[in-house]
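Peer 1: Have a look at this one before I ask anything.
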């Protein structure tokens, strides 16, 4: 099967290509760069998504049509089917899956193009009121936490934005941990946020509010979360070694994706505690930066926690935020209470805007450079 690279960043151009690649006769498409085209890829391939993520290590994930459609249908079975709004980049799996879910439901998604803002979101949401058989078609959307924070902050003072948030049957929120405080503020405005967990390798979110979608299994092996199901990617294009190391066989021959995340599965509920490799040694004690960030973000919703060298302790957590540095002592106390003294942040670095990837996730490499420059 031929692979065609899509150069345009316009979601409408990506949508046309996704329609042919997933529901039509092809060709398969490459998004995000990295894969040479035209070229041949295995039959059944729908999309090859290349992303460096926040770590800077490029990977080209090959997703079959069946994996993408299985994920979309499982989402519909869990939250319902309807009209989707796309406020995300089409070059990342979250945006792609909004398109696939909409197309599988037989409706083109509404597209919020250009710079994201509360006003633009409210305007797009107001145009989604459609009816079928005398009933209003349910509306859905997908956001990253930073976008939800923008909408909540605006909605607390603007009834129009609050009404837009409340107009969606469900708002999928993923790409980064959603702070409890932000979730509660959204619910207070009438929104119905759903925490999602997944990755490009799982065709996007496949665990909703801690519960795997139908057909998806999650287990813990050696402290690492592993996922199995029809939504798994075929592997990494032209990288058989990485594919073999990441997609492994279970004792019964089933195929499992090694997420690289630490977590637990208790009574069928999945909890993610952070990246296995996002751990530093501070004063001889292992400290998970993800756990520190989880605590800090209850006080500073946009906070990112990274490591910085420390003359005495080796490395220490540092908070980077657009908010106030005045909460440092409160943050240190909260982290000490929840995790322990060695995990307490050393300082807060305030900046006007957090560097972000096109996916909306914080650009942690750029943030680490800012902290190093800050000294």
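Peer 1: In the stretch 58-73, what count of residues is obtained for those that are within 16 Å of residue 141 (Cα to Cα) and buried (at least 21 other Cβ atoms within 10 Å of the Cβ)?
Peer 2: Taking the stretch 58-73 first, the residues within 16 Å of residue 141 (Cα to Cα) are 71-73.
So of that shortlist, the ones also buried (at least 21 other Cβ atoms within 10 Å of the Cβ) come out as 71-72.
The total comes to 2.
Peer 1: If residue 114 satisfies all but one of (1) surrounded by 15 or more Cβ atoms within 10 Å (Cβ to Cβ); (2) over 18 Å from residue 201 (Cβ atoms); (3) modelled with pLDDT under 90, what's the number of the condition it fails?
Peer 2: Every condition holds for residue 114 apart from (1).
Peer 1: Residue by residue through the stretch 348-375, note down the ones that are crowded, with 18+ Cβ neighbours inside 10 Å and either at pLDDT below 90 or farther than 28 Å from residue 114 by Cα (or both).
Peer 2: Across the stretch 348-375, the qualifying residues are 348, 349, 357, 359, 360, 361, 362, 363, 364, 371.
Peer 1: Can you find a residue that is in a strand (DSSP E or B), over 30 Å from residue 305 (Cβ atoms), touching a residue at least 40 places away in the same chain (Cβ under 8 Å) and in the same structural domain as residue 193 (by TED's automatic domain parsing) anywhere in the stretch 40-47?
Peer 2: Narrowing the stretch 40-47 to residues in a strand (DSSP E or B): 40, 45-47.
Add one more test, that the residue is over 30 Å from residue 305 (Cβ atoms), and what stays is 40, 45-47.
The next check asks that each one be touching a residue at least 40 places away in the same chain (Cβ under 8 Å); those that pass are 45, 47.
Now narrow it down to the ones that are in the same structural domain as residue 193 (by TED's automatic domain parsing): 45, 47.
Yes, there is a match, as at least one residue in the stretch 40-47 is in a strand (DSSP E or B), over 30 Å from residue 305 (Cβ atoms), touching a residue at least 40 places away in the same chain (Cβ under 8 Å) and in the same structural domain as residue 193 (by TED's automatic domain parsing).
Peer 1: Here is a further query. How many residues, within the stretch 195-215, are crowded, with 21+ Cβ neighbours inside 10 Å and over 19 Å from residue 260 (Cβ atoms)?
Peer 2: At the first step, the residues of the stretch 195-215 found to be crowded, with 21+ Cβ neighbours inside 10 Å are 196-208, 212-213.
Right, trim to over 19 Å from residue 260 (Cβ atoms) and you get 208, 213.
Number of matching residues: 2.
Peer 1: Can you tell me which residues in the stretch 68-97 are in a loop (DSSP other than H, G, I, E, B) and more than 25 Å from residue 149 (Cα to Cα)?
Peer 2: Within the stretch 68-97, the first condition is being in a loop (DSSP other than H, G, I, E, B), and the residues that meet it are 80-82, 87-92.
If the condition is that a residue be in a loop (DSSP other than H, G, I, E, B) and more than 25 Å from residue 149 (Cα to Cα), then 81 is the only one that fits.
Peer 1: For the stretch 98-120, enumerate the residues that are under 28 Å from residue 73 (Cα atoms), touching a helix residue (DSSP H, G or I) at 6+ places or on another chain (Cβ under 6 Å) and outside any loop (DSSP other than H, G, I, E, B).
Peer 2: 99, 100, 101, 103, 104, 110, 111
Peer 1: Please enumerate the residues belonging to the stretch 272-289 that are in contact (Cβ under 8 Å) with a residue 24 or more places away in the chain and either surrounded by 14 or more Cβ atoms within 10 Å (Cβ to Cβ) or in contact with a helix residue (DSSP H, G or I) (Cβ under 7 Å, 6 or more places away or on another chain) (or both).
Peer 2: Passing the criteria: 272, 276, 280, 282, 283, 285, 287, 288, 289.
Peer 1: Could you name every one of the strands (runs of 3 or more DSSP E) located completely within the stretch 304-375 that has at least 2 residues being in contact with a helix residue (DSSP H, G or I) (Cβ under 7 Å, 6 or more places away or on another chain) and closer than 30 Å to residue 49 by Cβ? Before the answer, list the steps.
Peer 2: Working: elements: 304-310, 314-321, 347-350.
Answer list for the stretch 304-375: 304-310.
Peer 1: Now, a different point. Given the criteria within 20 Å of residue 145 (Cβ to Cβ) and touching a strand residue (DSSP E or B) at 6+ places or on another chain (Cβ under 8 Å), does residue 371 qualify? Don't jump to the end; show me each part of the working.
Peer 2: Details: within 20 Å of residue 145 (Cβ to Cβ): no; touching a strand residue (DSSP E or B) at 6+ places or on another chain (Cβ under 8 Å): yes.
So residue 371 fails the test.
The values are calculated or read from the model by the stated rules, or taken from the named source; none is laboratory data. As the structure is a prediction and not an experimental result, all values here were calculated from the model. Neighbour counts are summed over all protein chains in view; Cβ atoms, including those assigned to glycine, are modelled from backbone coordinates with ideal geometry.
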